[in-house]
Amino acid sequence: MPRVVSFGSVNIDRVAYVDQSTVDGLAATYDWFPAPGETVRVPDGIPPDFDRHVSETFLGGKGANQAVAAAAADADAALVGTIGDDHDDFGVLAELSGRGVDTEAVAVVEEEMGTAFVFVTPDGENHIAYYPGANRAATPEHAIRHLDGILAANCLLVQNELPTATTEHLLTSLRDVPDRPTVVVDPAPSTGAARLLDTGIADVVTPNKHEATLLTDALDGPETVIETRGEDTVVVTDGRRWEVSPPSVTPVDTTGAGDVFAGYLAARLAAGDDRDRAIRAATTAAALSTEHEGVQRAVPDRSTVTARLHR
């Protein structure tokens, strides 16, 4: 079975389904409030008034989401990261294991779980404010401790919700390794993500439209860049420029669609699919995931994606 390792974050997603006027009010109050489709790291903590908007709580985090998506796409998926000592309150390990993710390399630290406040507007668009919490404890030493398991993977997924220096150290450690895994980098949050791309290790980068604009200079390299653009066509630059149209869906919640894309893409590349075929499967999976609330429970299984591709 193809193996995918996600080196990344685990969060508790606090989801608020709000009208556009609420988002406009928050953006006027907090100059850092995320734009549509943007994830913003808030290192000093989430404002307490955000809680009053919350209607649901899910397990999330880009690292965890992408591992779940890879498992749904029939990969042997593992997660490397750190979680808080309050993880039992949310059933974190049981839920990840139940979704087919190997959590052996997930360490428990004396810190609270990372938290993401996800504001979803009626059109399904999302604005994500992220407090790292226990994810800050993911150190270069933790990464290197699990390097053998990472090197045994066919594909490695990384994001920028862990400390950038830690992920940068891991990627740099792969520089001179023969037969290293294919590396897929999700440059979100975009702040500091250029450092990950500057390592020269990324084989594939998966920014959304907003991130691609902010990281234009850093994306001018030899890697394949796959720009996801919501319900619009996915734009692929790999020596040529071509597009993939997602299936027509009625979005309920676009949160995590990029994570579903990355996880599916990694799984299909690990399985030996050619890049074009893998991108088309990932595009379909991401679109189908927006038809349901949440992220991990919205990930379609491979048979559903395959059936839709053949329609």
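The values are calculated or read from the model by the stated rules, or taken from the named source; none is laboratory data. Every value quoted in this text rests on a predicted model; they were computed, and no experiment measured them. All Cβ positions, even for glycine, are placed from backbone atoms using ideal geometry, and neighbour counts span all protein chains on display.
Quick grid of which residues meet (1) over 27 Å from Ala298 (Cα atoms); (2) out of contact with any Asp or Glu (no Cβ under 7 Å at 6 or more places or on another chain):
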{"position": "Ala107", "(1), (2)": "no, yes"}
{"position": "Tyr130", "(1), (2)": "no, no"}
{"position": "Ala143", "(1), (2)": "yes, yes"}
{"position": "His146", "(1), (2)": "yes, yes"}
{"position": "Ile150", "(1), (2)": "no, yes"}
{"position": "Leu156", "(1), (2)": "no, yes"}
{"position": "Leu197", "(1), (2)": "yes, yes"}
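Within the range 99-150, can you find the residues that are in a loop (DSSP other than H, G, I, E, B) and more than 16 Å from Val5 (Cβ to Cβ)? Spell out how you get there, then give the answer.
Filtering the range 99-150 down to residues in a loop (DSSP other than H, G, I, E, B) leaves 99-100, 110-113, 121-125, 132, 138-139, 146.
Those that are in a loop (DSSP other than H, G, I, E, B) and more than 16 Å from Val5 (Cβ to Cβ): Glu110, Glu111, Glu112, Met113, Thr121, Pro122, Asp123, Gly124, Glu125, Pro132, Thr139.
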Subject >> Of the criteria (1) more than 18 Å from Ser289 (Cβ to Cβ); (2) modelled with pLDDT of 90 or more, which one Tyr130 fails >> reply: (2)
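Consider Ala134 carefully, then state whether it is among the hydrophobic types (A, V, I, L, M, F, W, C) and surrounded by fewer than 18 Cβ atoms within 10 Å (Cβ to Cβ).
Numbers: among the hydrophobic types (A, V, I, L, M, F, W, C): yes; surrounded by fewer than 18 Cβ atoms within 10 Å (Cβ to Cβ): no.
Answer is no for this residue.
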**OP:** Go through the residues of the range 173-189 one by one and say whether even a single one is under 26 Å from His127 (Cα atoms), at pLDDT 95 or above and part of a helix (DSSP H, G or I).
**Re:** no
Original post:
Among the residues of the range 252-275, which ones are at pLDDT 95 or above, surrounded by fewer than 24 Cβ atoms within 10 Å (Cβ to Cβ) and assigned to a helix (DSSP H, G or I)?
Top reply: none
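Run down Ala165, Ala129 and say which single residue is surrounded by fewer than 16 Cβ atoms within 10 Å (Cβ to Cβ), on the phi < 0 side of the Ramachandran plot and within 19 Å of the chain's Cα centre (by Cα).
Values: Ala129 fails: surrounded by fewer than 16 Cβ atoms within 10 Å (Cβ to Cβ).
One residue alone meets the criteria, Ala165.
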Original post:
Given the conditions (1) in a strand (DSSP E or B); (2) without any contact (Cβ under 8 Å) to a residue 40 or more places away in the chain; (3) farther than 26 Å from Ala271 by Cα, and given that Thr166 satisfies all but one, which numbered condition is not satisfied?
Top reply: (1)
Original post:
Checking Gly239 against (1) outside any loop (DSSP other than H, G, I, E, B); (2) of a type outside the set (Asp, Glu); (3) modelled with pLDDT under 95, which single condition isn't satisfied?
Top reply: (1)
Original post:
Can you tell me how many residues in the range 196-236 are among the hydroxyl-bearing types (Ser, Thr, Tyr) and in a strand (DSSP E or B)?
Top reply: 2
Original post:
Which one of these is touching a Ser or Thr at 6+ places or on another chain (Cβ under 7 Å), buried (at least 20 other Cβ atoms within 10 Å of the Cβ) and among the small types (Gly, Ala, Ser): Gly61, Gly37?
Top reply: Gly61
Original post:
Would it be correct to say that Thr283 is among the β-branched types (Val, Ile, Thr), surrounded by fewer than 19 Cβ atoms within 10 Å (Cβ to Cβ) and either over 13 Å from Ala75 (Cα atoms) or out of contact with any strand residue (DSSP E or B) (no Cβ under 9 Å at 6 or more places or on another chain) (or both)?
Top reply: no
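Go through Leu170, Leu196, Leu174, Leu156 for me and flag whichever is farther than 25 Å from Thr255 by Cα, surrounded by 19 or more Cβ atoms within 10 Å (Cβ to Cβ), in contact with a helix residue (DSSP H, G or I) (Cβ under 9 Å, 6 or more places away or on another chain) and not charged (D, E, K, R). First the steps, then the outcome.
Numbers: Leu196 fails: farther than 25 Å from Thr255 by Cα; Leu174 fails: surrounded by 19 or more Cβ atoms within 10 Å (Cβ to Cβ); Leu156 fails: farther than 25 Å from Thr255 by Cα.
None of the other options fit; the residue is Leu170.
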Original post:
Residues of the range 49-87 being in a helix (DSSP H, G or I) and at positive phi, which ones?
Top reply: none
Original post:
Name the pairs whose Cβ atoms lie under 9 Å apart, with the first residue in the range 228-246 and in contact (Cβ under 8 Å) with a residue 60 or more places away in the chain, the second part of a strand (DSSP E or B), and 6 or more positions between them or separate chains?
Top reply: Gly230/Asn208
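Please go through the range 229-261 and pick out each residue that is under 19 Å from Gln296 (Cα atoms) and within 20 Å of the chain's Cα centre (by Cα). Write out each step before concluding.
First, pick out the residues of the range 229-261 that are under 19 Å from Gln296 (Cα atoms): 230, 249-261.
Result: Gly230, Pro251, Val252, Asp253, Thr254, Thr255, Gly256, Ala257, Gly258, Asp259, Val260, Phe261.
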